[in-house]
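Just so it is clear, none of the values below were taken in a lab; they were calculated from the coordinates. What you see is a predicted model; the values in this text were computed from it and never measured. Using ideal geometry, Cβ is built from the backbone for each residue, glycine included, and neighbour counts are taken over all protein chains shown.
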Amino acid sequence: MKTKTPTPQEIQRVVDSLSADAVVALALALGNIDSPAGHEREAAEYIYHWMDERSFEPRKVGLLPERFNVVGRMRGAGDGPTLIFNSHMDTSVAADEHWSTTHAADPIYHKAWREGEFLFGNGVCNDKGAMAAWMVACDTIRRSGLKLAGDILLTAVVGEIGLEPVDEYPAPIFMAKEVGTR
């Protein structure tokens, strides 16, 4: 049985119910979870629980218990293509990484805040702001009650920014793409 295509009015109703405030709140919440590469667990747990509270059937997927990816699903009717949203949870530097960044402990790398209409913070820019946008968009579709033809997969991954293990930078903390992004 073919899924009914949403009408333009149904689509507009969903678009009109999108909340910029919800995106900002989630982007700031995620941006204020410091998660330099190798230390993504707190962010992953937050995202897992957020998805679970909204019935996105989240799963923890990964090679390491401290560094796991979160995969959620919004089930469609089963007769359409699957769409995947993907963002990474790791941010560029840890506060003590002075060998790579002179001002590694600066708040811009570890916090998120709003000034007027602008959001600040490395985590928001790379990549938790985009993640918040698609998470809220998917939740808005879910709350609307519209049944999509295909599934939507929501993936939050580790190791996009991470360095490779070498010398005094050991695995698993310095394992990068092989534990997540790839």
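Side notes on the structure shown:
- Local electrostatic count at SER144 - Lys and Arg +1, Asp and Glu -1, tallied over other residues with Cβ under 12 Å: +1
- Under the Karplus curve 6.51 cos²θ - 1.76 cosθ + 1.60, θ = phi - 60°, whole-Hz ³J(HN,Hα) for the range 15-27, x wherever Gly or Pro sits: 4, 5, 8, 4, 10, 4, 4, 5, 5, 4, 4, 5, 4
- Helix content alone sets the calculated 222 nm mean residue ellipticity of the chain: runs of n ≥ 4 DSSP H residues at -39500 (n - 2.57) each, divided across all residues, give -8500 deg cm²/dmol.
- Check: the range 39-105 dipole with +1 on Lys, Arg Cβ and -1 on Asp, Glu Cβ, in debye: 300 debye
- Mean separation of Cα pairs under 8 Å and 6 or more residues apart, divided by the residue count, gives the range 8-179 a relative contact order of 33 percent.
- If only the Cβ of Lys and Arg carry +1 and only the Cβ of Asp and Glu carry -1, the dipole of the chain around its Cα centre is close to 1100 debye.
- Backbone N under 15 Å from the LYS147 label point (7 Å along Cα→Cβ), restricted to the range 1-22: 1-7
- Cα→Cβ-extended label distance, 7 Å offset, between ASP96 and ARG13, nm: 5.5 nm
- A Förster radius of 45 Å combined with the Cβ-Cβ distance from ALA105 to ARG75 puts the calculated FRET efficiency at roughly 0.55.
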